[in-house]
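J.: Quick one: structure below, then a few questions.
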Amino acid sequence: MVRETTPSAGKPLGWLRPLGYITAALLAFVGTARLLQRIPRPDEGLIDAKFREFEARADEYTTAYIGSSLVHRHIVPEVIDGHLQAEGVESLSYNFGAPRLSWPEAMRIADRLIADRPASLRTVVIEVHLFVPTARNDGAARYLDWHTLPETYWSIRRTFDEEEPGEKRRSHIESDLRAFGKRAAAIGRLSGAFERLWKPAPDDPRIELDPEAHGYERVEDEPTGAAAGRHRKFRKRIGAYERDVRRARKRGEQTKPMKPYAGTMLARLVDRLRAAGYDVIVLEMPHINQVQIEFPDPVVDGALTMSMYDPVRYPALFDPKLHYDRVHLGDEGAHVLSALLARRLAGVFRRDARD
Amino acid sequence: MLFTEFRFLLFFAIVWSLYWLVRSNAIRKILLLVASYAFYAGWDARFLVLIFVSTVIDWVVGRQLHQERDEAKRRRWVTTSVVVNLGILGFFKYFNFFIESAVTASAWLGLPLQAQALEIVLPVGISFFTFQSMSYTIDIHRGRTEPRGFLDFSLYVAFFPQLVAGPIVRAREFLPQLGSARRLSKVSFRWGLGLFMVGFVKKAAIADNVAPIVDAYFADPAAYDVMASWIAVTLYAVQIYCDFSGYSDMAIATAALLGYELGRNFAAPYFASSLTAFWRRWHISLSTWLRDYLYITLGGNRGGEFKTYRNLFLTMLLGGLWHGAAWTFVIWGALHGLWLIAERLMGVQAERRTGWARYVWIAVTFYVVCVFWIFFRAQSTEVAGDVFRAFVFLQSSGSLTFPTALLWWFGALAGVHALGRLPTLQRLWTTLPPLLVAAILGAGFAIAVSATPVSYRPFIYFQF
C-alpha cells in the first residue's frame, strides 16, 4: 500500500508572511460570508408570517404594535380601529406582537419597518414587558437573526451591567458570541437553499394568519397546549391571583424603575424610530407578576408613555373571569383591553391631528 | 466536540500554537496527551478511566511480551490484552445485543427466557481505540514493533485527531514519529489546510445536508415510490462516504498540521471496479487491520480454498458486527463476504482495466455497494426489506417522492470528486501563489460554513 506523505513546505517562515496569509484568508472569508448573507435566511416563523401579511397592505397601515405575547394576545386591531374610526381618527393597525419577543428582536422589527417605509405608517407602539435575551432559544433561526454586532454587544454588556452570576454570564456570553459568529458567517444559508430544493414544504408549515385579524391571535387558539396547561393551573389558583390583585391595588402608585438593559434598549428603540420620523408610544400592559414601571417622565426621550397597569382605574383588566391565565387575558378580555386602549389613543391621535 | 464545530477550531488553534511554541519533544507530547484527554473528556469524562485502564494494561502487556522469552507465557500475555480489549468492547457495545438476541432466539425455540438489558452508555470511539491498542500488543508479539515508554504509548492510544473515529493507526507507523521533535518547516500548510477544508466540506456541507433526505426515506420507505428509493439509497452512499471520509480527512489534516502522518483512509472507493478493489479503497485502516489481525490469524489463504473462503467470510461478518450491534450490520458484512468469495471464484482482478468496460464495472460495483448499504442504514430487517424491494425489484406502493434534480446534483458531486483526483489539479494546488491559496481557503471555508445546517449532526461513525 502506498503511503501518502506530507509534501514538505521548504523554507522557514518569518512571522510577517503567515500574518499576511491569515489576513488574506480572513478577508476572503468575511467577504464571501457577506455575499452569502444575501441568500434568504430560513423562515423563522411568526414574525416572518406577520411581515408577509403586513407587506401585502403595508401602505395602508397607520399604527404598528410591537411587543411580547401581551401584544400578540391582547391587541385586537379590529376593535382599536373600530373605536378610533368612530372617533373620527383614521386608523389601520397591525399587531407585531410575538410570544417571548426580546428587546433586540423588537429592534429588528423596528429596523424592518424603517427600511420598508410604509407610506401611511405614523405611529409605533412599543410594549415594555419585552424579554431580556437568554440562551434558551440558542440555535433557533429567530435567535440567530437578531445577533448583529450592536445587539450582541448590548446583550453581552447586560450580563455585566446587571451583574449576572458568573456561570450564567459565561454561558450567556458563549451563546451570544456563537450566535453572532453563526449569523456573521451566514451559517446555514446555503444549506437552507438546498433544503428548499428538495423540501418544498418545511417541517413547520409556514404560519398562516387570519388576514382579518391583522396579527392578533386568541390565546385560546394557541396550538401547542402550553397555554391550556397554564389556564388549568390558573383556574385552580384563582384565590392566589385575587390576593395578588388586591396587593397590587394597595401598592397603588408604587413603581419600580426599568432595569438598565431594558431602559437602554427602550431608549435606543425610541431614538431610532423617532429619527425615522415615527411617533412612538411606550405602552405598559397589565402584568400581575411585575411591579408597575417607573417612567422618568410622561414623555420618555420624546415618546409618549401610557400605562394600562392600573387595577383601580381598569379593574376589568384584572378580573379573573376575563383572564386565561395569570398574565394573559382571554379573547373577551383582549377585546375589553383594546377598547379601553382605543379610548386613550383617540385622545392622543386627535391631539396630534390638531397639532 | 466535532471537528466541524467552532469550539474544536478554537481548541485546535490553542493546542497547535502551544505545541509549536514549545521546543522540547517531551513537553510537546505531554501537551498533546493532556489535550487528547481533554478532547475525550469533552465527549464524556466518565470514560477517561476506561481509556486510561486500557492504556495501562496494554502498556504493561507490551513490556512483558518484550521481556518474556517463553512462547507459552508470551501467548498468555497477548491473549490477556486481546481478552481485556475485546471484553471492554463486548460489554459496552454488544452486551444488550447478545441478551436481546438470546431472548429472541429462545422464544423462537419455544423456551421463553427472561433477561434484563442494561442501560449501557457506549463510550465514544471504543471500537477504534481498543483495536488500535490491540494492534500494539499483537505487533510486539509478532516481533514487528518494540515497546515504547508510557508517555509515547499513551499518546498513541489517545491522540485526539484519530481517537474517536479513526483512522486506526498502527503502532509501528506512528510510534517512531514520536521519537523526534516534529519541525514546523516540514509542515505543508496548503496541503493540511486544504485537506481539512475538503473534509469539512464533505462532512458539514454534503453529508449533513443529505442526511435529512435519507432519514425521511428510511423512517418510512413504504410511503415513498421507487424513484425515491433510488435517490435516497444513492444519497446514503454519498452521505456515508462524505461523513466518514470527511472526518478522516480532517483527522489526517490536523495530525499533519502537528507534523504527524496518519496515512490515507479512503482512496475514491466508489471508483472501484470490483468489490475486492472497493475494500482496498474504503476504510483502509480497518480493512487492513481486519486482514492482518483477524483474517491472517484465522489462517488467511494458507489452508486451501474452503478455509480461505471461510476466513474471508468470517472476517467480513465480524467486520460488519464491528460497525454496530444489530443484525442488519451482520447481514451487511455477510453480503460483502459472499460477494468477495464470488469474485474470488470468478477470478476477478481487483481493478479491471479493460478500457470503457472498466466504467461499466465501476457502475456495477457502485450499484452492488448501494444495495448492501441498504442493510447498513436500515434500522431493522423489516425496513431493509422494504427498501430492498423498492431499490432492486422496483416494487413500491408508496407515492411520496423527491425531486429528480437531486440525481443531477449527485452527478455533479461525482464529477467534482473525479476532477479532484486529477493529477493536473492536484499539481495546480501545489503551485498556486500562497496568498491566492490563503484567499481560496478563506472563501472555501465561508462557503462550507454557509452550507452547514444550523443544528449540528454527530458523525455517523461515532456510534462505533
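J.: Does A:Ala106 satisfy the criteria of being more than 24 Å from A:Pro257 (Cβ to Cβ) and of a type in the set (Gly, Ala, Ser)?
T.: Working: more than 24 Å from A:Pro257 (Cβ to Cβ): no; of a type in the set (Gly, Ala, Ser): yes.
When the stated conditions are applied, A:Ala106 does not pass them.
J.: Let me ask something else. On the basis of being in contact with a helix residue (DSSP H, G or I) (Cβ under 8 Å, 6 or more places away or on another chain), within 14 Å of another protein chain (Cβ to nearest Cβ), at pLDDT 90 or above and assigned to a loop (DSSP other than H, G, I, E, B), does B:Pro167 make the cut?
T.: Working: in contact with a helix residue (DSSP H, G or I) (Cβ under 8 Å, 6 or more places away or on another chain): yes; within 14 Å of another protein chain (Cβ to nearest Cβ): yes; at pLDDT 90 or above: yes; assigned to a loop (DSSP other than H, G, I, E, B): yes.
Yes, satisfied.
Residue by residue, here is whether (1) modelled with pLDDT under 90; (2) part of a loop (DSSP other than H, G, I, E, B) holds:
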site	(1), (2)
B:Val103	yes, no
B:Gln116	yes, yes
B:Val121	yes, yes
B:Thr130	yes, no
B:Thr137	no, no
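J.: When the stretch B:406-448 is examined, which residues are found to be under 29 Å from A:Ala184 (Cβ atoms) and not in a helix (DSSP H, G or I)?
T.: B:Leu432, B:Pro433
For (1) away from chain B (no Cβ under 14 Å); (2) touching a Lys or Arg at 6+ places or on another chain (Cβ under 8 Å), each residue gets a yes or a no:
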| residue | (1), (2) |
| --- | --- |
| A:Ile109 | yes, no |
| A:Ala115 | yes, no |
| A:Arg122 | yes, no |
| A:Ala135 | yes, no |
| A:Glu162 | yes, yes |
| A:His172 | yes, no |
| A:Ala184 | no, no |
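J.: Specify which of the listed residues (A:Ile187, A:Ile156) is out of contact with any strand residue (DSSP E or B) (no Cβ under 9 Å at 6 or more places or on another chain), surrounded by 13 or more Cβ atoms within 10 Å (Cβ to Cβ) and farther than 30 Å from B:Ile213 by Cα.
T.: Numbers: A:Ile187 fails: farther than 30 Å from B:Ile213 by Cα.
From the options A:Ile187, A:Ile156, the qualifying one is A:Ile156.
J.: Considering only the stretch B:171-186, state which residues are crowded, with 21+ Cβ neighbours inside 10 Å and either in contact with a strand residue (DSSP E or B) (Cβ under 9 Å, 6 or more places away or on another chain) or within 14 Å of chain A (Cβ to nearest Cβ) (or both). Write out each step before concluding.
T.: Initially, the stretch B:171-186 is screened for residues crowded, with 21+ Cβ neighbours inside 10 Å, giving B:171, B:174-175, B:178.
Once the filter is applied, which keeps residues that are crowded, with 21+ Cβ neighbours inside 10 Å and either in contact with a strand residue (DSSP E or B) (Cβ under 9 Å, 6 or more places away or on another chain) or within 14 Å of chain A (Cβ to nearest Cβ) (or both), the stretch B:171-186 yields only B:Phe174.
J.: Which residues, taken from the stretch B:337-373, are closer than 29 Å to B:Tyr217 by Cα and of a type in the set (S, T, N, Q)?
T.: Hit for the stretch B:337-373 is B:Thr365, nothing else.
J.: Away from chain A (no Cβ under 14 Å), at pLDDT 90 or above and more than 25 Å from the chain's Cα centre (by Cα), is that true of B:Leu425?
T.: On the way: away from chain A (no Cβ under 14 Å): yes; at pLDDT 90 or above: no; more than 25 Å from the chain's Cα centre (by Cα): yes.
When the stated conditions are applied, B:Leu425 does not pass them.
J.: Given the condition in contact with a Gly (Cβ under 6 Å, 6 or more places away or on another chain) and either in contact (Cβ under 8 Å) with a residue 60 or more places away in the chain or crowded, with 21+ Cβ neighbours inside 10 Å (or both), answer yes or no: does some residue in the stretch B:337-346 qualify? Before you say what the answer is, go through the steps one by one.
T.: Looking only at the stretch B:337-346, we keep the residues that are in contact with a Gly (Cβ under 6 Å, 6 or more places away or on another chain), and these are none.
No, the stretch B:337-346 contains no residue that is in contact with a Gly (Cβ under 6 Å, 6 or more places away or on another chain) and either in contact (Cβ under 8 Å) with a residue 60 or more places away in the chain or crowded, with 21+ Cβ neighbours inside 10 Å (or both).
J.: What are the residues in the stretch B:254-271 that are more than 10 Å from every other protein chain (Cβ to nearest Cβ) and either part of a helix (DSSP H, G or I) or under 16 Å from B:Leu335 (Cβ atoms) (or both), if any? Break it down into steps so the answer makes sense when it comes.
T.: From the stretch B:254-271, those more than 10 Å from every other protein chain (Cβ to nearest Cβ) are B:254, B:258, B:265-266, B:268-271; that's our starting set.
Scanning the stretch B:254-271 gives B:Thr254, B:Pro269, B:Tyr270, B:Phe271.
J.: Output the number of residues of the stretch B:383-401 satisfying the condition of being of a type in the set (A, V, I, L, M, F, W, C) and farther than 12 Å from B:Pro221 by Cβ. Even if it seems obvious, please write down each step before you answer.
T.: To start, the set of residues in the stretch B:383-401 that are of a type in the set (A, V, I, L, M, F, W, C) comprises B:383-384, B:387-388, B:390-394, B:400.
Filter once more, so that each one left must be farther than 12 Å from B:Pro221 by Cβ: B:392-394.
So the answer is 3.
J.: Output the residue which, of all residues in the stretch B:387-414 that are polar (S, T, N, Q) and more than 12 Å from every other protein chain (Cβ to nearest Cβ), is nearest to B:Ala216 (Cα to Cα). Please lay out each step first, then the result.
T.: Of the stretch B:387-414, the ones polar (S, T, N, Q) are B:395-397, B:399, B:401, B:404.
The next check asks that each one be more than 12 Å from every other protein chain (Cβ to nearest Cβ); those that pass are B:395-397, B:399.
Working: B:Gln395: 19, B:Ser396: 16, B:Ser397: 17, B:Ser399: 14 Å.
This residue is B:Ser399.
J.: Moving to a separate point now. Would you check which residues across the stretch A:35-69 are within 9 Å of chain B (Cβ to nearest Cβ) and in a helix (DSSP H, G or I) and list them? Break it down stepwise before answering.
T.: So the first thing to find is which residues in the stretch A:35-69 are within 9 Å of chain B (Cβ to nearest Cβ), and the list is A:35-37, A:39, A:42.
Within the stretch A:35-69, A:Leu35, A:Leu36 qualify.
J.: Okay, moving on. Do we have any residue at all in the stretch B:140-156 that's under 26 Å from B:Ser287 (Cα atoms), in contact with a helix residue (DSSP H, G or I) (Cβ under 8 Å, 6 or more places away or on another chain), charged (D, E, K, R) and surrounded by fewer than 18 Cβ atoms within 10 Å (Cβ to Cβ)?
T.: Of the stretch B:140-156, the ones under 26 Å from B:Ser287 (Cα atoms) are B:140-148, B:152-156.
Next, from what is left, pick out any that are in contact with a helix residue (DSSP H, G or I) (Cβ under 8 Å, 6 or more places away or on another chain): B:140-141, B:144-148, B:152-156.
Going one step further and asking which of them are charged (D, E, K, R), we end up with B:144, B:146, B:148, B:152.
Add one more test, that the residue is surrounded by fewer than 18 Cβ atoms within 10 Å (Cβ to Cβ), and what stays is B:144, B:146.
So far as the stretch B:140-156 goes, yes, one or more of its residues are under 26 Å from B:Ser287 (Cα atoms), in contact with a helix residue (DSSP H, G or I) (Cβ under 8 Å, 6 or more places away or on another chain), charged (D, E, K, R) and surrounded by fewer than 18 Cβ atoms within 10 Å (Cβ to Cβ).
J.: Is there a residue in the stretch B:198-214 that is of a type in the set (D, E, K, R), under 18 Å from the mean Cα position of the chain (by Cα), at the interface with chain A (Cβ under 10 Å from one of its Cβ atoms) and surrounded by 20 or more Cβ atoms within 10 Å (Cβ to Cβ)? It would help to see each step written out before you state the result.
T.: So in the stretch B:198-214, the residues of a type in the set (D, E, K, R) come out as B:202-203, B:208.
Then keep just the ones that are under 18 Å from the mean Cα position of the chain (by Cα); that gives B:202-203, B:208.
Retained after the next criterion (residues that are at the interface with chain A (Cβ under 10 Å from one of its Cβ atoms)): B:208.
Next, from what is left, pick out any that are surrounded by 20 or more Cβ atoms within 10 Å (Cβ to Cβ): B:208.
So far as the stretch B:198-214 goes, yes, one or more of its residues are of a type in the set (D, E, K, R), under 18 Å from the mean Cα position of the chain (by Cα), at the interface with chain A (Cβ under 10 Å from one of its Cβ atoms) and surrounded by 20 or more Cβ atoms within 10 Å (Cβ to Cβ).
J.: Specify the residue that is modelled with the lowest pLDDT; the eligible residues are those in the stretch A:283-304 that are outside any loop (DSSP other than H, G, I, E, B) and in contact with a His (Cβ under 9 Å, 6 or more places away or on another chain).
T.: A:Ile293
J.: Residue under question is B:Gly333, and the condition is that it be without any contact (Cβ under 8 Å) to a residue 60 or more places away in the chain, surrounded by fewer than 18 Cβ atoms within 10 Å (Cβ to Cβ) and out of contact with any Asp or Glu (no Cβ under 6 Å at 6 or more places or on another chain); does it hold? Spell out the reasoning first.
T.: Numbers: without any contact (Cβ under 8 Å) to a residue 60 or more places away in the chain: yes; surrounded by fewer than 18 Cβ atoms within 10 Å (Cβ to Cβ): no; out of contact with any Asp or Glu (no Cβ under 6 Å at 6 or more places or on another chain): yes.
In short, no.
J.: Oh, and also: Just to be sure, is B:Phe8 surrounded by 13 or more Cβ atoms within 10 Å (Cβ to Cβ) and within 14 Å of chain A (Cβ to nearest Cβ)? Give the steps one after another, and end with the answer.
T.: Details: surrounded by 13 or more Cβ atoms within 10 Å (Cβ to Cβ): yes; within 14 Å of chain A (Cβ to nearest Cβ): yes.
So B:Phe8 fits the description; yes.
J.: Looking only at the stretch B:272-282, count how many residues are under 15 Å from the mean Cα position of the chain (by Cα) and outside any loop (DSSP other than H, G, I, E, B).
T.: Initially, the stretch B:272-282 is screened for residues under 15 Å from the mean Cα position of the chain (by Cα), giving B:278-282.
Filter again for outside any loop (DSSP other than H, G, I, E, B), leaving B:278-281.
Residues meeting the conditions: 4.
J.: Still on this structure: Need the failing condition index for A:Pro311 against (1) assigned to a helix (DSSP H, G or I); (2) in contact with a helix residue (DSSP H, G or I) (Cβ under 8 Å, 6 or more places away or on another chain); (3) over 18 Å from A:Ser69 (Cα atoms), just the number.
T.: (1)
J.: Further question: Any idea which of (1) on the phi < 0 side of the Ramachandran plot; (2) within 22 Å of the chain's Cα centre (by Cα); (3) within 14 Å of chain B (Cβ to nearest Cβ); (4) not in a helix (DSSP H, G or I) is the one A:Tyr143 doesn't satisfy?
T.: A:Tyr143 satisfies every listed condition except (4).
J.: Quick check, is B:Phe95 part of a helix (DSSP H, G or I), closer than 24 Å to B:Gly199 by Cβ and not charged (D, E, K, R)? Please lay out each step first, then the result.
T.: Numbers: part of a helix (DSSP H, G or I): yes; closer than 24 Å to B:Gly199 by Cβ: no; not charged (D, E, K, R): yes.
Against the criterion (part of a helix (DSSP H, G or I), closer than 24 Å to B:Gly199 by Cβ and not charged (D, E, K, R)), B:Phe95 does not qualify.
J.: Tell me whether the stretch A:150-161 contains one or more residues that are among the polar types (S, T, N, Q), in contact with a helix residue (DSSP H, G or I) (Cβ under 7 Å, 6 or more places away or on another chain) and closer than 23 Å to A:Arg41 by Cα. Walk me through it before giving the result.
T.: Of the stretch A:150-161, the ones among the polar types (S, T, N, Q) are A:152, A:155, A:159.
Next, only the ones that are in contact with a helix residue (DSSP H, G or I) (Cβ under 7 Å, 6 or more places away or on another chain) stay: A:152, A:155, A:159.
Then keep just the ones that are closer than 23 Å to A:Arg41 by Cα; that gives A:152, A:155.
Yes.
J.: Among the residues in the stretch A:196-206, are any assigned to a helix (DSSP H, G or I), of a type outside the set (Val, Ile, Thr), more than 14 Å from chain B (Cβ to nearest Cβ) and loosely packed, with under 15 Cβ neighbours inside 10 Å? Step through it out loud before you land on a result.
T.: First pass over the stretch A:196-206, keeping only residues assigned to a helix (DSSP H, G or I): A:196-198.
When the remaining residues are screened for being of a type outside the set (Val, Ile, Thr), the result is A:196-198.
Restricting the remaining residues to those that are more than 14 Å from chain B (Cβ to nearest Cβ) gives none.
For the stretch A:196-206, residues assigned to a helix (DSSP H, G or I), of a type outside the set (Val, Ile, Thr), more than 14 Å from chain B (Cβ to nearest Cβ) and loosely packed, with under 15 Cβ neighbours inside 10 Å: absent.
J.: Do we have any residue at all in the stretch B:343-358 that's within 26 Å of the chain's Cα centre (by Cα), within 20 Å of B:Trp230 (Cα to Cα) and at pLDDT 85 or above?
T.: Looking for residues that are within 26 Å of the chain's Cα centre (by Cα), within 20 Å of B:Trp230 (Cα to Cα) and at pLDDT 85 or above, one finds none in the stretch B:343-358, hence no.
J.: Restricting attention to the stretch A:126-161, and to residues there that are hydroxyl-bearing (Ser, Thr, Tyr) and in contact (Cβ under 8 Å) with a residue 12 or more places away in the chain, which single residue is nearest to A:Tyr278 (Cα to Cα)?
T.: Residues of the stretch A:126-161 hydroxyl-bearing (Ser, Thr, Tyr): A:134, A:143, A:148, A:152-153, A:155, A:159.
Still in the running and in contact (Cβ under 8 Å) with a residue 12 or more places away in the chain: A:134, A:143, A:148, A:152, A:155, A:159.
On the way: A:Thr134: 29, A:Tyr143: 27, A:Thr148: 23, A:Thr152: 25, A:Ser155: 25, A:Thr159: 31 Å.
Only one residue tops the list, namely A:Thr148.
The values are calculated or read from the model by the stated rules, or taken from the named source; none is laboratory data. The model shown is predicted, which means the values in this text are computed figures rather than measured ones. Cβ sites come from the backbone with ideal geometry, for glycine too, and all protein chains shown count toward neighbours.
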